[in-house]
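The values are calculated or read from the model by the stated rules, or taken from the named source; none is laboratory data. None of these values were measured; they are calculated from a predicted model. In this analysis, Cβ positions are derived from the backbone assuming ideal geometry, glycine residues included, and neighbour counts consider all displayed protein chains. The accessibility values were calculated without ligands, DNA or RNA, using every heavy atom of the protein model including side chains. Shrake-Rupley method; radii C 1.70, N 1.55, O 1.52, S 1.80 Å.
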Amino acid sequence: MGPRRPSIAIERSESSSSLGLMTRLKIRSDSDLDDLMVIGIDFGTTYSGVAWADIADFERDDVNLINTWPGHGREEGKAPTELFQEHGHLMWGYAIPPDADPIRWFKLLLLREEDLASEFRESEFILRGRKLLKEINKSATEVVGDYLGALWKHVLETIYKARSKYVIDAMAFHVVITVPAIWKDYARQAMEEAASKAGILTPRAAGPTTLAFVPEPEAAALATLGEGKRQFKTGDVFMICDAGGGTVDLISYKVGDVDPIVLHEAVIGTGGLCGGIFIDEAFETMCKNRLGRKWNNLSQNGIRSIMKNEWEYGIKPQFKLDDTIRPYTVAIPAEAFEGSSLNDESTKPYIKSGRIHFAR
Ligand SMILES: Nc1ncnc2c1ncn2[C@@H]1O[C@H](COP(=O)(O)OP(=O)(O)OP(=O)(O)O)[C@@H](O)[C@H]1O
Ligand SMILES: [Mg+2]
């Protein structure tokens with residue numbers, strides 16, 4: 001027998017104490033665990049990921065991560081949370097053409113206006129998102145449902161390919177979806193409705209599909225503990241910070257016991273709407289302000305090249321706080337400069353050969 005993964009019990013300091021996933025599964029009296037497939041969906045504001053495992057996988061500590069996505073050649077842990085519809089054809093993730101203006105950040109649109117901090121209500125992201133919803137005449141829940149539906153189809157195809165449809169059809173599904181810790185009940189309910197619209201809960205011959213939500217920082221805590229690299233002792237307190245695209249969630253745990261691990265939430269979790277997309281927005285505004293009217297010459301493709309290639313995959317992951325010397329240069333597509341010079345050193349940040357030279 002190989003080593004068994006310790007069962008982890010997490011107790012929240014709020015009213016309901018909850019048990020760890022494995023424990024939660026073990027108390028499901030109505031199902032035979034050998035015939036159970038657990039599918040975890042991390043539905044994020046900017047990127048979404050999926051993992052799946054049956055009980056044998058769990059015991060071998062071998063959770064399967066989906067890392068191939070339609071429209072993308074390289075392996076990647078997550079796919080963009082983006083949707084684009086054209087002539088009744090729905091595209092998602094990496095399969096969206098580069099010249100399209102997809103719907104994004106729709107996870108945040110599940111929140112009511114009064115639950116968005118005042119500075120974000122007017123955020124370009126939120127306004128653009130709401131405008132797009134109006135244009136396509138859909139609610140945020142419907143759009144989330146469309147996205148989850150496309151994702152779910154890919155999940156099923158992937159699992160069928162790995163295990164054969166025949167085997168999978170005999171297994172009941174337990175689906176777990178992550179939600180930000182700061183979300184109120186109505187937003188969770190909207191997620192449940194979206195999951196249902198997505199077909200995730202469609203009846204299957206093997207039995208009813210069950211759906212559970214796990215707070216994002218709790219999932220992060222379980223994943224970190226599951227790595228088994230860290231040693232804990234009773235009384236240790238640790239804090240998890242899940243810095244995402246939309247929200248930053250914080251949660252703290254005190255180790256109550258180590259064998260099996262029992263965690264008590266130390267301080268009630270909290271978080272804020274201050275994820276990466278708000279930095280993206282500030283960057284886009286800086287570029288827009290610097291280019292002035294030239295910005296309007298940019299096509300959708302051109303804006304995407306700045307925001308994805310230059311920023312998301314270029315500067316953002318490379319940025320260092322202590323790097324005071326080098327400028328961060330952003331290549332602006334030539335179309336922006338139609339009829340004007342590629343150089344402008346009249347004001348900072350300078351534009352040289354069609355590149356904006358930003359200081360740290
Ligand atoms: N190396 C990096 N340096 C800086 N930012 C990064 C780096 N890698 C990813 N990011 C940023 O992190 C954000 C994505 O994080 P993540 O995938 O955890 O968010 P999410 O799950 O989509 O959002 P949320 O959990 O808030 O709904 C993006 O804004 C991305 O640009
Ligand atoms: Mg996330």
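Quick look at the numbers
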{"item": "The chain: most fluctuating residue of ALA336, ALA95, ALA187 per GNM, C-alpha cutoff 10 Å", "result": "ALA336"}
{"item": "Per-residue ³J(HN,Hα) for region 61-66, Karplus 6.51 cos²θ - 1.76 cosθ + 1.60, θ = phi - 60°, Hz, x for Gly and Pro", "result": "6, 10, 6, 8, 9, 7"}
{"item": "Sequence ranges 324-334, 250-260, 33-43, ranked by mean other-Cβ count within 10 angstrom, highest first", "result": "33-43, 250-260, 324-334"}
{"item": "Neighbour net charge for LYS348 - beta-carbon separation under 15 angstrom, K R +1, D E -1", "result": "+2"}
{"item": "For the chain, calculated [θ]222 nm from helices alone, where every DSSP H run of n ≥ 4 adds -39500 (n - 2.57)", "result": "-8500 deg cm²/dmol"}
{"item": "Isotropic mean projected area of the C-alpha convex hull, region 292-358 (nm²)", "result": "4.8 nm²"}
{"item": "Residue-by-residue Karplus 3J(HN,Hα) for region 247-264, coefficients 6.51, -1.76, 1.60, Hz, glycine and proline x", "result": "10, 10, 10, 10, 8, 10, 10, 10, 6, x, 7, 10, 9, x, 5, 10, 10, 10"}
{"item": "Cβ-placed point charges (K, R +1; D, E -1), dipole of the chain about Cα centre in debye, nearest 20", "result": "720 debye"}
{"item": "Length-normalised contact order of region 8-272 in % [C-alpha pairs under 8 Å, at least 6 apart]", "result": "19 percent"}
{"item": "Region 80-174 - Rg and Dmax from Cα coordinates, angstrom", "result": "16.5, 52"}
{"item": "Placed amide H near GLY44: partners under 5 Å, 5+ positions off or other chain", "result": "GLY49"}
{"item": "Top positive-direction residue, dipole computed over the chain with Cβ charges, set ALA212, SER164, PRO317", "result": "PRO317"}
{"item": "Heavy-atom accessible area per residue - the chain, 1.4 Å, Å²", "result": "51 Å²"}
{"item": "Cα gyration tensor shape for region 116-235, rounded if a/c is under 1.5, else prolate or oblate", "result": "oblate"}
{"item": "Long-range HN-HN contacts of VAL214 with modeled amide H, under 5 Å", "result": "ILE177, THR178, VAL179"}
{"item": "Amide H within-cut-off set for TYR350, under 5 Å, with H built and near neighbours excluded", "result": "HIS357"}
{"item": "Calculated from backbone phi, Karplus (6.51, -1.76, 1.60) coupling profile of region 232-246 in Hz, x at Gly/Pro", "result": "10, 10, 3, x, 4, 10, 9, 10, 10, 10, 9, 8, x, x, x"}
{"item": "Translational diffusion coefficient (Stokes-Einstein; Kirkwood radius from C-alpha pairs) of the chain at 20 °C, 1.002 mPa s, in µm²/s", "result": "95 µm²/s"}
{"item": "Listed residue pairs exceeding 30 Å between alpha carbons, taken from LYS288/LYS320; LYS294/LYS316; LYS78/LYS165; LYS153/LYS294; LYS153/LYS308; LYS316/LYS348", "result": "LYS153/LYS294"}
